[in-house]
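The structure under discussion appears below in the form of structure tokens.
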Amino acid sequence: QVRIVESGGGLVQAGGSLRLSCTASGSFFKITQMGWYCQAPGNERELVAADSDGGGIHYADFVKTRFTISRDGAKTTAWLQMDSLTVEDTATYLCYAEEHPGFFNWGQGTQVTVSP
């Protein structure tokens, strides 16, 4: 029902930056939250950042001061500005959109690889 498309991943040197984009489209009443998870091989999926209509913006501790999430006025596009990237940030980043009243839709993920 809701299609999520991510882009912006790639290979970057440590200390560099990337900007991920996520767009939600399809049939839905309202998207109330969008955000990003990361998952490295063998690791649990971790919440990176979220932007909720009701709860504001939340960041994981390990990305605070380095990553910034933002959304457009229509609340259907989200960006994740990633600065001061480290090797530990290497992971697949998955965008999600919460469809009112509480259904989550996921993108396929975009790979971020940070080289030393």
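The values are calculated or read from the model by the stated rules, or taken from the named source; none is laboratory data. If you're wondering where the values come from, they're calculated on a predicted model, not measured in any experiment. Here the Cβ is made from the backbone with ideal geometry for all residues, glycine too, and neighbour counts use every protein chain on show. Just so you know, the surface numbers come from the protein's heavy atoms only, side chains and all, with ligands and any DNA or RNA stripped out. Shrake-Rupley method; radii C 1.70, N 1.55, O 1.52, S 1.80 Å.
Worth pointing out:
- Extension reserve of the Lys75-Ser7 stretch, reckoned as 0.36 nm per residue once the Cα distance is removed: 22.8 nm
- Of the GluC sites (Glu not before Pro) found in segment 1-106, those in coil by DSSP whose Cβ has at most 14 other Cβ atoms within 10 Å are Glu44.
- Solvent-accessible heavy-atom area per residue, rounded to whole Å², over segment 1-89 at 1.4 Å: 53 Å²
- Residues of segment 15-43 with amide N under 12 Å of a point placed 7 Å along Cα→Cβ from Thr68: none
- Relative contact order, percent, the chain [alpha-carbon distance under 8 Å, six or more residues apart]: 37 percent
- Filtered trypsin sites (Lys or Arg not before Pro), segment 46-80: DSSP coil and at most 11 other beta carbons within 10 Å: Lys64
- Within the shell defined by Cβ-Cβ distances under 9 Å, the residues around Cys38 carry a net charge of -1, with Lys and Arg each +1 and Asp and Glu each -1.
- Taking every DSSP beta bridge that has both ends in the chain, the antiparallel portion is near 90%.
- Carbon + sulfur, % of accessible area of segment 1-91 - ligands and nucleic acids excluded, 1.4 Å: 48 percent
- Cα pair distances exceeding 25 angstrom across the chain, given as percent: 17 percent
- Annotation for segment 57-113: chymotrypsin sites (Phe, Trp or Tyr not before Pro) lying in DSSP loop with at most 15 further Cβ atoms inside 10 Å of their Cβ do not exist.
- Counting Lys and Arg as +1 and Asp and Glu as -1 over every other residue whose Cβ lies under 12 Å from the Cβ of Ala50, the net charge comes to -3.
- Cβ-defined net charge surrounding Ser115, 14 Å radius [Lys, Arg +1; Asp, Glu -1]: -2
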